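Taking it in order: structure first as structure tokens, then the write-up.
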Number of protein chains: 2
Amino acid sequence: MLAETPQPPYYAVIFTSLRHEHDEGYAAMAERMLALAAGQPGFLGVESAREDVGITVSYWSDPEAIRGWKAQVEHREAQRLGREVWYSRYRVRVARVEREYGL
Amino acid sequence: MLAETPQPPYYAVIFTSLRHEHDEGYAAMAERMLALAAGQPGFLGVESAREDVGITVSYWSDPEAIRGWKAQVEHREAQRLGREVWYSRYRVRVARVEREYGL
């Protein structure tokens, strides 16, 4: 599924990661976080894929919505587990979407 | 590999797509486009993964660099093949990266 986002401008959080081999509980957490994010104020959609690198792009109405999601209690715990257990590396990029087009 | 990008601001092109079943020549084209992009002025890095959805995020110094890549002759031919043969749907989102952090 591609995200059905509105006319720009809006915001994207580009989360890219490399995982450790051991990944107990990771899939369940990832699924739970997608469901939680979808219920957050200002959530516009999400796209996710993993091969060697994992890429999750979530779309948000504005920076305030992104701050709200980052501070969400259960998500904070997932962030902690991500840093301590699941990810060997990750980058979070917050970007303002200026143009969108496609097929 | 995660992209090693400089301090923001810089630009991201978030390309997400759904493919048709038949994909003759797709892998070779995708690999060629990554190599070509890496040689373009203003290219900063790329991250790519595909499961149900394909996500390729390329990073660029500025909008002019993105225009240059979009207009590159061999890339234009790949874009045409993408529209006509490989992709059932795609979205291109051009975004200005404002913040970056990570592990």
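The table for this structure:
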| item | result |
| --- | --- |
| Point-charge dipole on Cβ atoms (K/R +1, D/E -1) for the protein assembly as shown, about Cα centre, debye to 20 | 580 |
| Paramagnetic reach from residue A:88 in the range B:29-56 [backbone N under 12 Å; point 7 Å along Cα→Cβ] | none |
| Neighbour net charge for residue B:49 - beta-carbon separation under 13 angstrom, K R +1, D E -1 | -3 |
| Helix B:26-38 axis, angle to chain B major axis (alpha carbon atoms, nearest 10°) | 30 |
| Estimated FRET transfer efficiency (residue A:1, residue A:61; beta-carbon r; R0 30 Å; 0.05) | 0.95 |
| Length added when fully stretched, residue B:98-residue B:31, from 0.36 nm per residue minus Cα-Cα | 21.3 nm |
| Accessible surface of the protein assembly as shown, 1.4 Å probe, proportion on carbon and sulfur as whole % | 53 |
| GNM top mover of B:73, B:57, B:85 - chain B, alpha-carbon springs below 10 Å | B:73 |
| Ascending list, in nanometres, of distances separating the residue B:41 label from those of the other copies (7 Å, Cα toward Cβ) | 4.5 |
| Listed residues A:45, A:68, A:25, most fluctuating in chain A (Gaussian network, C-alpha, under 10 Å) | A:25 |
| Size of electric dipole in the range A:10-97: Cβ of Lys, Arg +1 and of Asp, Glu -1, about Cα centre, debye, nearest 20 | 380 |
| Average Cα contact separation per residue, the range B:10-97, under 8 Å, 6 or more apart, as relative contact order % | 52 |
| Exam field: residue A:8 pseudo-label spacings to other copies (7 Å along Cα-Cβ), nanometres | 1.5 |
| For residue B:64, inter-copy label distances in nm, listed shortest first [label point 7 Å out on the Cα-Cβ vector] | 3.7 |
| Local electrostatic count, residue A:60, Cβ distance below 11 Å [Lys/Arg +1, Asp/Glu -1] | +1 |
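The values are calculated or read from the model by the stated rules, or taken from the named source; none is laboratory data. Since we're looking at a predicted model, the values are computed, not measured. Using ideal geometry, Cβ is built from the backbone for each residue, glycine included, and neighbour counts are taken over all protein chains shown. Just the protein is used for accessible areas: all its heavy atoms, side chains included, with ligands, DNA and RNA removed. Shrake-Rupley method; radii C 1.70, N 1.55, O 1.52, S 1.80 Å.
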